[in-house]
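Chemist: Dumping the structure here so I can ask a few things about it.
A short reminder: the numbers here are calculations on the coordinates, not readings from a lab. Quick caveat, the model's predicted, so the values are computed rather than measured. Cβ sites come from the backbone with ideal geometry, for glycine too, and all protein chains shown count toward neighbours.
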């Protein structure tokens, strides 16, 4: 219990009180306390229905998403026995205040469905927590989950790549432009010299994200002993892995197919001496050739992660908890 209490304190410090989540809470609290639900409802609109392009709105939504991610993180921590139930009144009162508001409920149940916030709200409302029978392995799994999560969410190159995959463009590059560049050794080299910063950040993001995919898939395979925890960890990044809604899997598969063909053509004569260039040393070219020849394993991991079967255990649990 003492270790679990310390774990909770660390999670609060790192992911709630000293992050964008605090700003997200302040934004929501101010609008809710002013009974200004229309402004909050507009801020949290579905961007597929009405686009979100204002920089202030984008930042506010990022902060609010960070807060929701924290609540989801707490639920994963509960499932892994990393922290203990029940949560303190201070935490549960905040969760109820935020997640029980109509604009937020619409946001995480209709606009961008997310099961983890729904689950934690249901349980705290009746102070009845799902007992996930799990051993010490759960804490080890959660530690690995935290490390991977920090790596993926805090890396600017990965976030740049995912932004391009989701939005369709970054800077002057569309996804189609990016793929066309990868297909042509000549065009890639020319563009790399002229626009090395953006292009190479996207490429570094691609390498890092494929490493993340490999590690996250292995983490989920190691969770097979507990389907609830496995499903919860999958759901934490379901906006990436939901094959029916995410553009990431579709674009990533296209990228990898192109790389398997294009980078195998590079050799020592194709070195590009620009800052952070992907092709600045012969070792990097060799690495790329090796990666290109072994992308089948990454494709297997992608197929595994973008499998909706991993989502089902948590959906079943959520449907079974009919607390009023």
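Chemist: Could you please rank 240, 163, 234, placing first whichever residue has the fewest other Cβ atoms within 10 Å of its Cβ?
Modeler: 163, 240, 234
Chemist: Let me ask something else about it. May I ask you to compute the full-extension gain from residue 33 to residue 19, defined as 0.36 nm times their residue separation minus their alpha-carbon distance, rounded to one decimal in nm?
Modeler: Result: 2.8 nm gained on full extension.
Chemist: Let me ask something additional. Quote the FRET efficiency, to the nearest 0.05, computed for residue 131 versus residue 62 with a Förster distance R0 of 35 Å and r equal to the Cβ-Cβ distance.
Modeler: According to the calculation, E is roughly 0.55.
Chemist: Quick one: 202, 58, fewest Cβ neighbours within 10 Å first, how do they rank?
Modeler: Going from sparsest to densest Cβ surroundings: 58, 202.
Chemist: At R0 = 35 Å, how high is the FRET efficiency between residue 151 and residue 97 if r is their beta carbon distance? Nearest 0.05 is fine.
Modeler: Here the calculated transfer efficiency is 0.65.
Chemist: Then there is this: Would you order 34, 81 from fewest to most other beta-carbon atoms within 10 Å of each residue's own beta-carbon?
Modeler: Ordered from fewest to most neighbouring Cβ atoms within 10 Å, 34, 81 come out as 34, 81.
Chemist: What's the extension gain from residue 176 to residue 214 if we count 0.36 nm per residue and subtract their Cα-Cα distance?
Modeler: The span from residue 176 to residue 214 would gain 11.2 nm if fully extended.
Chemist: By how many nm would the segment from residue 169 to residue 207 grow when fully extended, if each residue of separation counts as 0.36 nm and the alpha-carbon distance is taken off?
Modeler: 11.8 nm
Chemist: Within 10 Å, count the other beta carbons around each residue, average over each peptide in 22-28, 150-156, and list them highest first.
Modeler: So the order, starting with the most tightly packed, is 22-28, 150-156.
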